[in-house]
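To start, the structure itself, in structure tokens.
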Amino acid sequence: MTDRHVLITGGAGYIGSILTSELLRQNYRVTVLDSLLFGGESIVPFLNHPNFHFIKTDVTEPRVVRDAVKRGWPVPNAVVHLAGIVGFPACQAVGKQVAWKYNVEATKLVFDQSADLGVERFVFASTYSNYGLSENGKPVTEETSLNPQSLYAETKIASEEFLLSQKDSVCVPLLFRFATLYGISPRTRFDLIVNQFVLEAFTKRELIIYQRGYSRSFVHIRDVVRGVIMGLEAEKEKIRGQVFNLGTENGNYSKNDIVNFILKRMPETVVQYKDLTFGGDMRDITVSFEKIKHVLGFNTTLDVDDGVREVLFALKSGLIRNPADDRYRNAQFIVQ
């Protein structure tokens, strides 16, 4: 058995299921903690793998990490904390108290237990939503002041502030601010703009575009997983208390750009524009990814056109049969 052991909270989710698969492929031990709110089909293929261990639990439980280590495996070398309520709509749906419990208090709980157990590093999934609106159109860097436009971003910033205050801990915190994700996963999400647009064009032959005036930075989920693993394997002093924007300089697209990628493959799609405002996270920013490229040597391998192609293939071929199911949308979060 390998002595490299990673514990992933939310390991059955959109990012976690691919990260689990890749770590097992690279001969890591992987312990997944997940409440299975969206089901567990994404990790079923790993159940008989000798390096895989799954525990159904909730990250707000007071001994969630300690009890996981009691199961007989050694203390993890690293914890990757992915569990939480993801996105502006989901956080708004449950309200501030619940969002804070799952996104902030749970982060503190998981980190404190990890540090007490002697875990060497703690990788935290944050978001570039923290920047809000950019000033004067200049690219935002990790040093840019944060200006949250949503409850989701507020919870992520609060967690970041706590973790950065622990940078001298034996458990080294490492923070990634992800760009907007897209692409297929064992637990694909269709509440993400690229995946959602492809789904609507495929099922309805129609796209209704709201809030067309802004652009975002996008990154394929497999590139995100590569970046996280690079963070797991980097020298500790190189990543101690560091924040990295995770994405690509070539990943900035407007909604019209995404529509054009879709029309290239589904030219029969009817596109309508409606200028409505929903509030929340309205951002039109350009993000700098120079730091992660320079420090970790990270570069992306896939682009949005690749994502459109693979999502469309998954739908056409029937790999995903019921994409309207609530399991594919984080916005349908229900507290049980």
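Would you be able to say whether some residue in region 111-133 is of a type in the set (A, V, I, L, M), surrounded by 18 or more Cβ atoms within 10 Å (Cβ to Cβ), under 18 Å from the mean Cα position of the chain (by Cα) and not in a helix (DSSP H, G or I)? Yes.
Listed here are the residues, each with its yes/no results for (1) closer than 23 Å to ILE157 by Cβ; (2) over 19 Å from the mean Cα position of the chain (by Cα); (3) surrounded by fewer than 21 Cβ atoms within 10 Å (Cβ to Cβ); (4) among the β-branched types (Val, Ile, Thr).
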position	(1), (2), (3), (4)
ILE209	no, yes, yes, yes
VAL219	yes, no, no, yes
ALA234	no, yes, yes, no
PHE244	yes, no, no, no
GLY251	yes, no, no, no
ASN260	no, yes, yes, no
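Checked against (1) under 22 Å from ILE292 (Cα atoms); (2) in contact with a helix residue (DSSP H, G or I) (Cβ under 7 Å, 6 or more places away or on another chain); (3) surrounded by fewer than 22 Cβ atoms within 10 Å (Cβ to Cβ), TRP100 meets all criteria but (1).
Of the residues in region 15-29, none is surrounded by fewer than 19 Cβ atoms within 10 Å (Cβ to Cβ), of a type in the set (Lys, Arg) and in a loop (DSSP other than H, G, I, E, B).
Given the structure, is GLY227 touching a Gly at 6+ places or on another chain (Cβ under 7 Å) and not charged (D, E, K, R)? Against the criterion (touching a Gly at 6+ places or on another chain (Cβ under 7 Å) and not charged (D, E, K, R)), GLY227 does not qualify.
Of PRO74, PRO89, PRO139, all but one fail to be closer than 28 Å to SER288 by Cα, in contact (Cβ under 8 Å) with a residue 60 or more places away in the chain and out of contact with any helix residue (DSSP H, G or I) (no Cβ under 6 Å at 6 or more places or on another chain); the exception is PRO139. Hydrophobic (A, V, I, L, M, F, W, C), buried (at least 23 other Cβ atoms within 10 Å of the Cβ), assigned by TED's automatic domain parsing to the domain that holds LYS236 and over 18 Å from the mean Cα position of the chain (by Cα): does that describe VAL65? Judged against the criteria, VAL65 is a match.
Looking across SER134, SER126, one residue alone is in contact with a strand residue (DSSP E or B) (Cβ under 6 Å, 6 or more places away or on another chain) and at pLDDT 95 or above. It is SER126.
The values are calculated or read from the model by the stated rules, or taken from the named source; none is laboratory data. Model, not experiment: these values are computed from the prediction. Using ideal geometry, Cβ is built from the backbone for each residue, glycine included, and neighbour counts are taken over all protein chains shown.
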